[in-house]
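The next block holds one structure in the form of structure tokens; read it before the comments.
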Amino acid sequence: MIDSTGNFTAPSVTQTTVIAATAVSHRDGSKSASAMITVYPSGQVTATINPQVALYTVNLPSGTNVFIQYSTDTSYNLKTWTQPVPASGTLSLYVAGMLASTQYHMRAVLPGVNGTMLNDVDHTFTTQAVAPAAVPAVTATTFAGMTPQPGIEILNLLLGGATAPQLAAFDLSGNMIWSVPQTNGVSVEGPHLLPNGHFLYVASPGAIREIDLAGNLIQQAPGAQVQAALANQGINWTLNSFHHDVIALPNGHWIVPFNMYEPCSSMPGCSGTTNVLGDGIIDLAPQGDGTFLPVWTWRIFDHLDTTRAPQGYADWTHSNALVYSPDDGNLLLSIRSQSWIIKIDYENGTGDGHILWHLGYQGDFTLEGGTDPYDWFYMQHGPSFTTANTTGQFSLAVFDNGNDRPKCINNSCTFSRGVNLQIDETAKTATILTDYRPNKYSFWGGNSELLANGNLESDFNTGSPTGYSDIFEFTAGNNPQPVWKLETSNAHAYRGFRLPSLYPGVQW
């Protein structure tokens with residue numbers, strides 16, 4: 001039976017009924033229509049360990065495509081991604097992106113032929129409360145006459161408390177619609193949404209973790225396991241910690257920065273410091289049994305001029321972001337204590353690790369569209385590509401913290417900015433395309449990225465006790481204007497970035 005809203009039900013039982021009409025031919029050549037009715041049970045909605053996430057389970061033929069629609073009323077204006085039912089006939093989809101302590105309507109949808117949709121009956125689900133202490137105080141503002149890029153804002157938070165979230169999503173009105181509670185002693189760093197719908201991040205200092213939307217651990221690479229695997233390969237490095245970032249490569253590997261100590265006595269120009277803290281990179285290949293094998297390793301001590309130490313040797317490099325270049329398979333590493341972004345010969349695991357170039361003050365590029373050295377970036381964070389191509393001539397957004405900016409103009413040194421640079425690898429020029437300075441000084445943290453509408457976004461941490469974080473969306477070009485701002489008042493956001501939704505390929 002089909003009701004007036006297009007839902008498929010059958011009498012006496014709660015179920016989804018899919019009806020297909022077939023034509024029957026008779027011996028005399030005439031045709032008549034008959035109906036073949038297939039009845040499927042209605043889906044089930046249950047709670048999860050996450051107060052703002054539901055689990056919607058359906059039992060349908062293998063290969064059937066399903067997505068979930070949901071909202072606070074029956075407009076069903078949000079949806080998950082579409083997934084096929086596996087061979088078992090049972091598919092469970094997490095429904096996430098909901099306000100706490102709120103009733104939602106949801107239904108499974110089966111895309112049919114010619115754009116038709118087969119709907120499950122309506123289900124209601126009420127999300128649970130989130131402890132007030134675990135909710136960051138956030139205010140969102142859209143500037144007059146502006147329209148921000150649709151989607152959600154992901155914050156990598158620094159919020160105190162035993163179960164306070166360090167990874168959370170907000171709608172563009174500033175409402176927290178998803179979070180992952182963490183335990184004391186674990187710092188979430190460098191979160192990224194994976195193509196499989198999970199999140200990958202560094203659980204500093206001891207592991208790399210992949211979690212689902214409910215917060216369940218899917219797999220992890222503990223530091224002790226990686227340390228043992230290195231030793232088995234005859235690599236006698238002592239890993240201090242994974243930190244700041246981790247990225248998933250197209251081949252499914254995880255590649256992550258780590259830091260380690262070297263004796264000061266082994267480095268020319270170093271004196272008075274017992275140990276020097278520097279960085280390395282490890283490419284980890286999953287083995288399918290819960291373990292990871294190091295397949296490519298790199299140490300900065302072997303490749304960077306050890307006599308250059310603008311911030312001294314106690315924290316000689318302090319790398320804070322890793323970026324993969326799809327066009328040539330190489331890596332960009334943001335080295336905060338050097339005020340450099342370097343390009344490393346990785347070549348998808350076949351490179352020898354030598355440094356291809358150094359971007360920044362006293363590096364390999366000539367600065368255009370600004371004053372050298374004043375307009376270079378200093379103590380930077382969170383670079384990202386802003387063009388589809390990543391070699392030759394391309395653009396790169398960088399968050400310029402501005403610490404220790406030299407040669408001040410009119411005594412104006414203490415500012416931070418989101419900057420977009422056009423890079424020419426052949427001519428070795430870096431041209432400033434966008435320079436956004438909202439009169440904020442962010443001496444730590446931050447990132448910059450390109451949004452789908454052509455605007456840029458940067459995260460400013462203005463520092464306690466007088467301020468926390470301001471994330472700005474702003475227009476590109478030589479006269480950037482603010483479009484949207486998210487301001488926190490009880491937590492810092494180490495990074496903030498826009499996603500279309502919590503589901504790959506779905507725009508909210």
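The values are calculated or read from the model by the stated rules, or taken from the named source; none is laboratory data. A quick note: this is a predicted structure, and the numbers were derived from the prediction, not measured. Ideal geometry is used to build each Cβ from the backbone, glycine not excepted, and the neighbour counts take in all protein chains shown.
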**Asked** Quick check: anything in segment 113-125 among the small types (Gly, Ala, Ser) and part of a loop (DSSP other than H, G, I, E, B)?
**Response** no
**Fill in**
Checked pairs for segment 329-346, first within 13 Å of residue 360 (Cα to Cα), second of a type in the set (Ser, Thr, Tyr) and surrounded by 23 or more Cβ atoms within 10 Å (Cβ to Cβ), C-beta under 7 Å and 6 or more apart or across chains, list as 333/319; 334/319; 335/317; 335/319; 336/319; 337/317; 338/317; 341/334
**Among residues of segment 359-369, those that are closer than 21 Å to residue 447 by Cβ and surrounded by fewer than 20 Cβ atoms within 10 Å (Cβ to Cβ), counted** = 1
**Message:** Can you list residue pairs whose Cβ atoms sit under 6 Å apart, with the first residue in segment 187-208 being within 18 Å of residue 239 (Cα to Cα) and the second being of a type in the set (Asp, Glu) and surrounded by 18 or more Cβ atoms within 10 Å (Cβ to Cβ)? Count only pairs 6 or more apart in sequence or on different chains.
**Reply:** 202/189; 204/189
**Request:** Evaluate segment 62-78: report whether one residue or more is out of contact with any strand residue (DSSP E or B) (no Cβ under 8 Å at 6 or more places or on another chain), surrounded by fewer than 16 Cβ atoms within 10 Å (Cβ to Cβ), not in a loop (DSSP other than H, G, I, E, B) and not assigned by TED's automatic domain parsing to the domain that holds residue 171.
**Result:** no
**Message:** I need a count of the residues in segment 443-494 that are in a loop (DSSP other than H, G, I, E, B) and among the hydrophobic types (A, V, I, L, M, F, W, C).
**Reply:** 6
**Residues that are crowded, with 19+ Cβ neighbours inside 10 Å and either among the polar types (S, T, N, Q) or not assigned by TED's automatic domain parsing to the domain that holds residue 450 (or both), drawn from segment 401-433** = 401, 403, 416, 420
**Request:** Hand me the list of strands (runs of 3 or more DSSP E) wholly inside segment 171-284 holding 1 or more residues that are of a type in the set (Asp, Glu).
**Result:** 187-193, 207-211, 254-263
**Fill in**
Listed by first then second residue, the pairs whose first member lies in segment 384-400 and is not assigned by TED's automatic domain parsing to the domain that holds residue 192, whose partner is part of a loop (DSSP other than H, G, I, E, B) and of a type in the set (Asp, Glu), with beta carbons under 7 Å and at least 6 positions apart or on separate chains, are 389/327; 390/327; 391/327; 391/328; 391/425; 392/425
